[in-house]
Each structure stands twice: as C-alpha cells, then as structure tokens.
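The next block holds one structure in the form of structure tokens; read it before the comments.
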Amino acid sequence: MATERTLSIIKPDAVAKNAIGDIYSRFEKAGLRIVAAKMLHLSQAQAEGFYAEHKERGFFADLVAFMTSGPVMVQVLEGEGAVAKNRELMGATNPKEAEPGTIRADFATSIDANAVHGSDATESAAREISYFFEESDICPRG
Ligand code: RTP
Ligand code: MG
C-alpha cells in the first residue's frame, strides 16, 4: 500500500478533555507519523470553508458552532494507507456505533461532539491539508 497523507483534527471536545496526548499516542502506535501540527481556534469563516461540502445539510450550523467553540489541534498524518488507517482508528461518526477501542468510542459524547475529524479519501485529504498547511510546513519522515 502506498504512503499517503491525511488531515486529522482533534475537535474542541477532545482538546477540552486534555486528550491530545492519548490520541497522538494512538496515531503513533498505529504507525502514523505526525509530520505537521498546529493548534487553532477556528473562526466562523474557517469552519464554514472547511466543511463547505456539508453546507446544505441540516446539521451544518450546529457543526460550525461546535467546531468554533474552542481550540482544535490540526495535524497531517503520514504512513502506509494513512487515510483508511486514520478512519479505522477514529471509528464511526456516531459514537454509539463506533467499535470499542476506537477514538470516538472512547472520547466522543455525541454525533456532534465526536472528538476527531479525518479526511475520507486521498482527494479530500489533499484539499484539506492545503486548507491549513503550506507544503513547506510539512516535514516528511517516510
Ligand atoms: P468528520 O468529517 O468530522 O471527520 O466526520 P465524518 O466524516 O465521520 O462525518 P461527515 O459525514 O463528514 O460529517 C461531518 C460532521 O458533521 C456532524 N454530523 N452530524 N446530525 C447528523 O446527522 C450529523 N451527521 C454528521 C458530525 O459531527 C460529523 O463528524
Ligand atoms: Mg467527513
């Protein structure tokens, strides 16, 4: 499988729970390398732009309100099959459906406060990475 990059966000609920280190440890134990990272408090415009694909959905306003409610930790993960591997570590969007031992099963409290974001395909990963990072911000370690 090819080396890929994916965009991960530790959402405001998990940052507030002081769970950044625990979640980073799960990425690293699964063989994903953190090759760029920054903490941000997203503006309304940044959150709306990031989730633009969902702007017609009924949950969009709640999603943007939640994502701007506190700081987030944004990182680029690199590794073999990074997109799918990160989604596997995250678990299902709704924590009630997330497999035991996944990040969302362990840290999410609702479908809104669901702890993490991860790109869902290599194409969206490229777009999402460039939304937050310049290529020169990324330190490949492959
Ligand atoms: P994410 O983009 O945050 O990684 O989550 P995802 O791919 O698992 O889910 P997605 O369909 O992209 O939805 C983005 C976020 O919107 C919220 N959502 N709420 N109330 C609902 O039916 C609903 N559906 C989605 C979730 O917080 C989800 O993470
Ligand atoms: Mg998504």
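Return the tail of the calculated pair distribution for the chain, meaning the percent of Cα-Cα pairs more than 17 Å apart.
Everything past 17 Å amounts to 58 percent.
Ignoring solvent entirely, what values of log10 I(q)/I(0) come out of the Debye formula for the range 59-102 at 0.18, 0.21, 0.31, 0.33 Å⁻¹ when each Cα is a single scatterer?
-0.79, -0.95, -0.98, -0.99
Put a dot 7 Å past each Cα toward the Cβ at Arg127 and Asp112; how far apart are the dots in nm?
Each label point lies 7 Å from its Cα, and together they span 2.5 nm.
For the modelled label position 7 Å from the Cα of Ala16 along Cα-to-Cβ, which residues of the range 92-126 have backbone nitrogen atoms closer than 15 Å?
Hits in the range 92-126 for Ala16 at 15 Å: 107-116.
Starting from the coordinates of the alpha-carbon atoms of the range 1-79, obtain the Kirkwood hydrodynamic radius over all distinct pairs and give the value in Å to one decimal.
13.6 Å
Pick from Ala37, Ala98, Ala61 the residue whose mean-square fluctuation is largest in a GNM of the chain, springs joining Cα atoms under 10 Å.
Ala61
What is the order of Leu77, Leu40, Leu32, Leu63, fewest Cβ neighbours within 10 Å to most?
The most exposed by this proxy come first: Leu40, Leu63, Leu32, Leu77.
Could you compute how fast the range 89-142 diffuses translationally, taking Rh as the Kirkwood radius over C-alpha pairs and applying Stokes-Einstein at 20 °C with viscosity 1.002 mPa s? Give it in µm² per second.
D, rounded to a whole number, is 170 µm²/s.
Compute the separation of the alpha-carbon centres of the range 68-103 and the range 1-31 and state it in Å as a whole number.
7 Å
Relative contact order for the chain using alpha-carbon pairs under 8 Å, separation at least 6, rounded to a whole percent?
So the answer I get is 38 percent.
In which sequence would Arg5, Arg57, Arg87 go, from the one with the fewest C-beta neighbours within 10 Å to the one with the most?
So the residues, fewest neighbours to most, are Arg57, Arg87, Arg5.
Which of the GluC sites (Glu not before Pro) found in the range 65-99 are loop residues per DSSP with 12 or fewer other Cβ atoms within 10 Å of their Cβ?
none
Measure off 7 Å from each Cα along the Cα-to-Cβ vector at Ser136 and Lys29, then give the distance between these two points in nanometres to one decimal.
Using points 7 Å along Cα→Cβ, the separation is 3.8 nm.
Computed from the coordinates by the stated procedures, all read-outs in this text should not be read as laboratory data. Everything quoted here is computed from the prediction, not taken from an experiment. In this analysis, Cβ positions are derived from the backbone assuming ideal geometry, glycine residues included, and neighbour counts consider all displayed protein chains.
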